[in-house]
Amino acid sequence: MKKNDFKRIPMLPELRVRDIETSRKFYLELGWNIYNERPEDKFILLQMEELHLMIMELTTTEDSWNGYAPMEYPLGRGMHLQMEVSDVDKLYKKVIEMKAPIFRELETHKYRELDKMLCCKEFLFFDPDGYLLRFSTTTIELL
């Protein structure tokens with residue numbers, strides 16, 4: 001990344017992972033690219049299309065924000081990340097090839113939003129640390 005290429009990202013999730021190298025391999029194989037990296041901090045900022053995601057290895061220091069509660073597998077309980085991609089079918093095939101644990105198979109769901117119906121082709125699966133990831137491709141129908 002060049003100095004002038006920097007841009008702020010309005011919402012940027014950060015996942016704490018048990019092993020940065022395992023997560024690096026998983027996300028790169030999934031199709032993410034490294035946008036920025038700080039090896040000294042065991043930190044990687046990933047990008048896929050317009051999506052960004054931070055991963056950082058868990059630390060056990062007292063000042064670490066992940067020290068307030070036990071970090072046990074599966075991490076990220078109670079939430080999932082929904083991400084829009086241009087070709088969910090291609091990504092689904094990749095996840096199947098990688099043998100990542102699928103939570104919900106590829107399906108189409110319809111959701112009403114104001115005067116539109118969103119047709120979301122989507123699936124959910126787990127990353128190596130148990131974070132639940134939902135990827136979808138959405139088309140819109142007018143009501």
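Computed from the coordinates by the stated procedures, all read-outs in this text should not be read as laboratory data. Everything numeric in this text was worked out from a predicted model, so none of it was measured.
Observations
- Built amide H within the under 5 Å cut-off of Met48, gap 5+: Asn33
- Centroid-to-centroid separation of the stretch 28-52 and the stretch 78-143 [C-alpha atoms, Å]: 20 Å
- Counting only DSSP H runs of at least 4 residues, each contributing -39500 (n - 2.57), and dividing by the residue count of the chain, the helix-based mean residue ellipticity at 222 nm comes to -4500 deg cm²/dmol.
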